[in-house]
């Protein structure tokens, strides 16, 4: 199935509305994709509670636990173990999702859409999430080109609210 960028735009528009309705107005929302409300730690939750280190260590998404919570830049991350929490806290840039956990393909289009932590890729040691399986397929047709566009766009949109894009 071939998916064009133009055919994905209506889906992105709809998903963008859903994303905006589901995030809190905290400052971290602009830079990091977080869920509604706050954790027991008093910070919004990133990656829907999935452990960012597990993608590297286990090669798959693993749900974290509030028992192992780490705070980074005002955002809470859950981990499956103390070992993973310690690894993340020692090097959050190494394990954290690129583009704050927003969909990498959407960022290449200058947008911020909810990244689903179950739809992911690690490329050149960097962790990316995506919004739908169709978007992953479109991304994989030109991953280097898409990432180049995303890298160019991210500095211009990182501090903007998703609703303003």
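How about the stretch 65-99: which of its residues are surrounded by fewer than 18 Cβ atoms within 10 Å (Cβ to Cβ) and within 25 Å of residue 146 (Cα to Cα)?
Selection gives 92, 93, 94.
Inspect all residues belonging to the stretch 104-114 and state whether any of them is more than 18 Å from residue 61 (Cα to Cα), at pLDDT 95 or above, surrounded by 15 or more Cβ atoms within 10 Å (Cβ to Cβ) and under 10 Å from the mean Cα position of the chain (by Cα).
Yes: one or more hits.
What's the number of the only condition in (1) closer than 15 Å to residue 31 by Cβ; (2) at pLDDT 95 or above; (3) over 15 Å from the mean Cα position of the chain (by Cα) that residue 74 fails to meet?
Tallying (1) closer than 15 Å to residue 31 by Cβ; (2) at pLDDT 95 or above; (3) over 15 Å from the mean Cα position of the chain (by Cα), residue 74 fails exactly one: (2).
Of all helices (runs of 4 or more DSSP H) completely enclosed by the stretch 65-165, which ones contain at least 3 residues that are touching a residue at least 60 places away in the same chain (Cβ under 8 Å) and on the phi < 0 side of the Ramachandran plot?
Counting at least 3 such residues, we get 133-141.
Output the residues belonging to the stretch 32-64 that are crowded, with 19+ Cβ neighbours inside 10 Å, part of a helix (DSSP H, G or I) and either within 11 Å of the chain's Cα centre (by Cα) or in contact (Cβ under 8 Å) with a residue 60 or more places away in the chain (or both).
Within the stretch 32-64, 47, 48, 52, 55 meet the criteria.
The values are calculated or read from the model by the stated rules, or taken from the named source; none is laboratory data. Since this is a predicted model, take the numbers as computed values, not measurements. Neighbour counts run over all protein chains shown; Cβ positions are idealised from the backbone, glycine included.
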